[in-house]
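Enquirer: This is the structure I have questions about; it appears just below.
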Amino acid sequence: ATPPDAALALAARAEAVLQRPLEIDLALDGAGAPSLIGARPLRLSTRALMRAAARMVADGGLTRDAALMMIEPQAVEELLHPSIDPDAERDVLASGVPASPGAAAGRLCLTAEAAEDCARSGEPAILARFETSPEDVHGMHAAAGVLTLRGGLTSHAAVVARGLGVPCVVGATEARIELIDGAPEEGALVTPDGRRIAPGDWITLDGSAGEALAGALLTRSAPPSGDFATLMGWADARRRLRVRANADTPGELATAVRLGVDGVGLCRTEHMFFDPERITAMREMILADSLDARRAVLERLLPMQRGDFLQIFEIMDGAGPPDGDAPPVTIRLLDPPLHEFLPQEAAGVAALADALGQPVESVRKRARELREFNPMLGKRGCRLGIAYPEIYEMQARAIFEAALDAEARTGRPPHPEIMIPLVSAVSELQLLEGRIAAVAKAVEAERGARVEYGVGIMVETPRAALLADQLAPLSTFFSFGTNDLTQMTYGLSRDDAGKLMRDYVEAEVFEADPFQTLDREGVGALIQLGVERGRAHNPRLDIGLCGEHGASPSTVAFCAEAGFDYVSCSPYRAPIARLAAAQAAIAMDRAAAADAADE
């Protein structure tokens with residue numbers, strides 16, 4: 001029977017005291033007066049918990065702050081991605097690291113080209129690779145999910161897949177891929193128990209569980225409810241830390257805007273050059289044997305790059321309040337080593353040689369010259385801009401011209417911030433900033449209009465953190481790139497960490513994977529030192545974090561405590577960061593109130 005009003009009131013008071021929905025045992029005496037004889041936290045899905053929290057606030061039994069503290073930020077992500085039907089029978093083919101949540105079924109493809117062909121034919125594709133590189137990005141865009149045998153949470157596949165919002169499993173080290181050069185359709189994914197899954201066979205990826213499964217399992221979508229929007233609105237009103245997106249394409253930017261970001265914290269320009277219409281020109285530029293030849297190709301790439309930035313600025317202009325400034329867009333200049341743009345397989349080398357009208361051996365020789373033993377610590381980032389200044393000059397010109405074009409179209413100037421990657425010396429920043437300023441002056445003279453922009457650095461080397469006092473006066477912002485900063489601080493490859501980390505965590509050598517949970521003692525200490533030294537010499541310095549830690553609740557709390565202005569993360573993880581930032585603000589206010597009461 002429906003309990004009388006007194007029983008409902010007692011239940012509501014119990015929930016208000018414990019600030020959580022409860023399963024309650026009540027006893028009613030002969031007169032119908034209730035007494036509480038038992039209570040347990042009610043096990044609810046994230047969706048149901050949000051509904052309960054919104055109801056309790058509406059009933060007056062809970063404050064908004066208490067409602068926000070009830071929700072686990074990481075659990076919010078499950079509302080944004082499909083999941084496998086819980087009644088489906090799971091036949092696990094391979095297990096690895098759950099790198100990007102969600103579930104998808106598709107036909108197995110062993111090359112990026114095969115994934116594109118599959119998608120073009122109207123069928124979903126699951127791209128499986130030993131590991132991915134920027135050369136595979138076009139196939140990743142076409143795929144419904146990505147599986148790699150190597151890598152960890154900050155490997156290339158994981159970072160790109162999270163940005164795209166597709167499920168991804170990395171580090172499936174016990175499986176193997178047999179790929180026959182020239183005939184990839186004859187290869188196979190070989191499971192740990194010896195089964196051979198041929199290209200074209202159906203498989204399902206569970207990016208939340210880190211599993212590849214046999215067959216096409218049913219998935220179900222879970223669009224966010226109105227309660228989700230209500231609580232996220234409360235979170236936005238409460239948080240002090242801004243949340244930006246790591247986004248490179250119009251699709252990612254549109255998703256980021258829909259999920260409530262405050263701007264773009266990292267736009268990786270290298271991903272713009274892997275479009276099939278551009279990659280040949282990019283390769284021609286890399287293989288050019290003279291400065292004049294290189295500049296000629298860059299002139300052809302300039303309008304393409306300018307169009308990219310114009311589209312980004314226009315999308316972000318629509319995201320900001322009509323009567324305020326346009327949201328900031330932080331654009332990182334070219335970062336990866338040049339060999340990553342060149343084909344790695346014999347067939348690709350032959351096709352490139354044919355497209356450029358060069359001998360195959362000449363192309364192969366140049367590719368060998370560019371290859372490095374440890375390219376992530378070689379000629380990449382700002383070192384590329386110093387060795388080949390014409391590349392960064394082209395990108396800077398494209399940014400400035402696009403900014404002026406966007407202002408002419410929208411009536412409001414965009415807010416571009418140019419990020420110089422991998423800086424470790426003051427002289428690097430001085431040299432490159434001077435060249436960027438010279439390009440800005442030339443564009444202003446040509447267009448008769450002033451370009452508003454900022455220049456800052458990605459702090460991803462320990463030396464940059466230590467020299468923050470010298471770098472800050474030359475910078476408008478610092479953005480801590482915690483993927484590489486963690487890698488360099490530990491001396492541990494982020495791409496190989498997946499093989500080691502499970503053993504380390506299980507053996508309690510590390511409490512957690514430092515590529516997933518920010519190491520406060522080591523990496524965090526470097527960051528705090530960089531913030532303190534930077535702000536001491538430039539109080540107006542804007543400080544953010546753009547590594548994949550950007551949506552980790554513990555990292556968001558650390559950034560709030562350290563006085564950061566923003567965190568940046570992949571678009572689908574932005575709601576996690578928004579809620580975590582609100583919880584960090586609530587926790588800090590409660591701690592301050594407790595300290596004041598003690599005094």
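The values are calculated or read from the model by the stated rules, or taken from the named source; none is laboratory data. As the structure is a prediction and not an experimental result, all values here were calculated from the model. FYI the Cβ positions are ideal-geometry reconstructions off the backbone, even for glycines, and counts take in every protein chain you see. SASA here: full protein model, heavy atoms, side chains in, ligands and nucleic acids out. Shrake-Rupley method; radii C 1.70, N 1.55, O 1.52, S 1.80 Å.
Enquirer: Go through (1) crowded, with 24+ Cβ neighbours inside 10 Å; (2) modelled with pLDDT under 95; (3) among the β-branched types (V, I, T) one by one and return the number of the condition V505 breaks.
Expert: (1) is the only condition that V505 fails.
Enquirer: Another question about this same structure. If the Cβ limit is 6 Å and pairs must be 6+ apart or interchain, which residue in segment 153-169 that is in contact (Cβ under 8 Å) with a residue 40 or more places away in the chain pairs with which residue that is of a type in the set (F, W, Y)?
Expert: Note: pairs meeting the criteria are L153/F515; T154/F515; G165/Y572.
Listed here are the residues, each with its yes/no results for (1) at pLDDT below 90; (2) crowded, with 21+ Cβ neighbours inside 10 Å; (3) more than 30 Å from D484 (Cα to Cα).
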position	(1), (2), (3)
R268	no, yes, no
R278	yes, no, no
D292	no, no, yes
R295	no, no, yes
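Enquirer: Within segment 84-97, can one find any residue that is in contact with a Leu (Cβ under 6 Å, 6 or more places away or on another chain), assigned to a loop (DSSP other than H, G, I, E, B) and without any contact (Cβ under 8 Å) to a residue 60 or more places away in the chain?
Expert: no
Enquirer: Right, here's the next one. Could you check G534 against (1) out of contact with any strand residue (DSSP E or B) (no Cβ under 9 Å at 6 or more places or on another chain); (2) part of a helix (DSSP H, G or I); (3) within 23 Å of D484 (Cβ to Cβ) and say which number it fails?
Expert: Condition (1) is where G534 drops out.
Enquirer: A further question on this structure: Being surrounded by fewer than 17 Cβ atoms within 10 Å (Cβ to Cβ), touching a Ser or Thr at 6+ places or on another chain (Cβ under 9 Å) and in a helix (DSSP H, G or I) is the filter here; which residues of segment 48-77 pass it?
Expert: Hits for segment 48-77 are Q74, A75.
Enquirer: Within segment 486-531, take every residue that is in contact with a strand residue (DSSP E or B) (Cβ under 6 Å, 6 or more places away or on another chain) and of a type in the set (G, A, S) and give me the one that is nearest to A464 (Cα to Cα).
Expert: That would be G530.
Enquirer: Determine which single condition A245 fails, assuming it passes every other condition in (1) at pLDDT 95 or above; (2) open to solvent by 10 Å² or more (accessible area, probe 1.4 Å); (3) touching a helix residue (DSSP H, G or I) at 6+ places or on another chain (Cβ under 6 Å); (4) not in a loop (DSSP other than H, G, I, E, B).
Expert: The number of the failed condition is (2).
Per-residue answers, yes or no, for (1) farther than 24 Å from T280 by Cα; (2) under 18 Å from the mean Cα position of the chain (by Cα):
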residue	(1), (2)
E123	yes, no
G152	yes, yes
A183	no, no
G200	yes, no
R220	yes, no
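Enquirer: Has segment 535-546 got at least one residue that is in contact with a Pro (Cβ under 8 Å, 6 or more places away or on another chain) and either over 21 Å from M69 (Cα atoms) or free of Cβ contacts under 8 Å to residues at least 40 places away in the same chain (or both)?
Expert: Yes, some residue in segment 535-546 is in contact with a Pro (Cβ under 8 Å, 6 or more places away or on another chain) and either over 21 Å from M69 (Cα atoms) or free of Cβ contacts under 8 Å to residues at least 40 places away in the same chain (or both).
Enquirer: Could you look through segment 114-135, keep only residues that are outside any loop (DSSP other than H, G, I, E, B) and modelled with pLDDT under 90, and pick out the one that is most open to solvent (accessible area, probe 1.4 Å)?
Expert: Going through the qualifying residues, I end up with E135.
Enquirer: Let me ask another. Of the residues that sit in segment 415-435 and are hydrophobic (A, V, I, L, M, F, W, C) and crowded, with 21+ Cβ neighbours inside 10 Å, which one is farthest from D542 (Cα to Cα)?
Expert: Among them, the one singled out is L432.
Enquirer: For segment 509-521, state whether one or more residues are closer than 22 Å to P473 by Cα, out of contact with any Gly (no Cβ under 7 Å at 6 or more places or on another chain), open to solvent by less than 30 Å² (accessible area, probe 1.4 Å) and not in a helix (DSSP H, G or I).
Expert: No.
Enquirer: Just checking: which of the helices (runs of 4 or more DSSP H) contained wholly in segment 450-505 hold 3 or more residues that are touching a residue at least 40 places away in the same chain (Cβ under 8 Å) and more than 16 Å from C546 (Cα to Cα)?
Expert: The qualifying helices (runs of 4 or more DSSP H) are 468-471.
Enquirer: Before we move on, is V567 β-branched (V, I, T), open to solvent by 10 Å² or more (accessible area, probe 1.4 Å) and not in a helix (DSSP H, G or I)?
Expert: Criteria not met by V567.
Enquirer: Give me the residue from segment 446-502 that is more than 18 Å from G522 (Cβ to Cβ) and basic (K, R) and, out of that set, surrounded by the fewest Cβ atoms within 10 Å (Cβ to Cβ).
Expert: R450
Enquirer: Additional query: Only one of these is out of contact with any Leu (no Cβ under 7 Å at 6 or more places or on another chain) and under 30 Å from E314 (Cβ atoms): A387, A425, A408, A402. Name it.
Expert: Sole residue among the options that is out of contact with any Leu (no Cβ under 7 Å at 6 or more places or on another chain) and under 30 Å from E314 (Cβ atoms): A408.
Enquirer: Counting just the residues of segment 192-212 that are of a type in the set (G, A, S) and touching a Ser or Thr at 6+ places or on another chain (Cβ under 8 Å), which one comes out most open to solvent (accessible area, probe 1.4 Å)?
Expert: Result: S208.
Enquirer: Pick from segment 169-191 the residues that are open to solvent by 70 Å² or more (accessible area, probe 1.4 Å) and within 28 Å of L218 (Cβ to Cβ): which of them is modelled with the lowest pLDDT?
Expert: Ranking the candidates gives E185 first.
Enquirer: So P539 passes all but one of these: (1) touching a Leu at 6+ places or on another chain (Cβ under 8 Å); (2) open to solvent by 10 Å² or more (accessible area, probe 1.4 Å); (3) more than 17 Å from L259 (Cβ to Cβ). Which condition number does it fail?
Expert: (1)
Enquirer: Shifting gears a bit: What do you reckon, is I315 closer than 24 Å to A396 by Cβ, within 19 Å of the chain's Cα centre (by Cα) and not in a helix (DSSP H, G or I)?
Expert: So I315 fails the test.
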